[in-house]
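Each remark here refers to the structure printed beneath this line.
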Amino acid sequence: MATKMTYESAFAELKEISEEIENESVSVDVLAAKVKRASELIEFCKTRLRSAEKEINQIIKGMDSKQPSDNEG
């Protein structure tokens, strides 16, 4: 059973790949695969951030519409 990837797990894996590349501990034979995986992880994180931003904006709009206006009461 596959576990669902979270933003945190994707970010941690991306950080690990970045450190491997920076430390030159990735062989040339696997470098392209690591870069491809990093690209996938970046896209996943961007999608999650956009989704969270959209959800937060909807919550804020809902809160704003529930507040009484200054003209009432």
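The values are calculated or read from the model by the stated rules, or taken from the named source; none is laboratory data. Values in this document were obtained by computation on a predicted structure and should not be read as measured data. All Cβ positions, glycine included, derive from the backbone under ideal geometry; neighbour counts span all protein chains shown.
This table checks each residue for (1) touching a helix residue (DSSP H, G or I) at 6+ places or on another chain (Cβ under 6 Å); (2) of a type in the set (Ser, Thr, Tyr); (3) at pLDDT below 90.
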site: VAL28; (1), (2), (3): no, no, yes
site: ALA32; (1), (2), (3): no, no, no
site: GLU40; (1), (2), (3): no, no, no
site: GLU43; (1), (2), (3): no, no, no
site: THR47; (1), (2), (3): no, yes, no
site: ILE56; (1), (2), (3): no, no, no
site: ILE60; (1), (2), (3): no, no, no
site: SER65; (1), (2), (3): no, yes, yes
site: GLY73; (1), (2), (3): no, no, yes
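If the Cβ limit is 8 Å and pairs must be 6+ apart or interchain, which residue in segment 4-15 that is within 17 Å of LYS34 (Cβ to Cβ) pairs with which residue that is of a type in the set (A, V, I, L, M)?
ALA10/LEU41; PHE11/LEU41; GLU13/LEU41; LEU14/ALA38; LEU14/LEU41; LEU14/ILE42
If the Cβ limit is 7 Å and pairs must be 6+ apart or interchain, which residue in segment 16-32 that is surrounded by 13 or more Cβ atoms within 10 Å (Cβ to Cβ) pairs with which residue that is of a type in the set (Lys, Arg)?
ILE17/LYS34; ILE17/ARG37; GLU20/LYS34; ILE21/LYS34; VAL26/LYS34
When you check LEU49 against the structure, is it touching a residue at least 12 places away in the same chain (Cβ under 8 Å), in a helix (DSSP H, G or I), surrounded by fewer than 15 Cβ atoms within 10 Å (Cβ to Cβ) and aliphatic (A, V, I, L, M), yes or no?
yes
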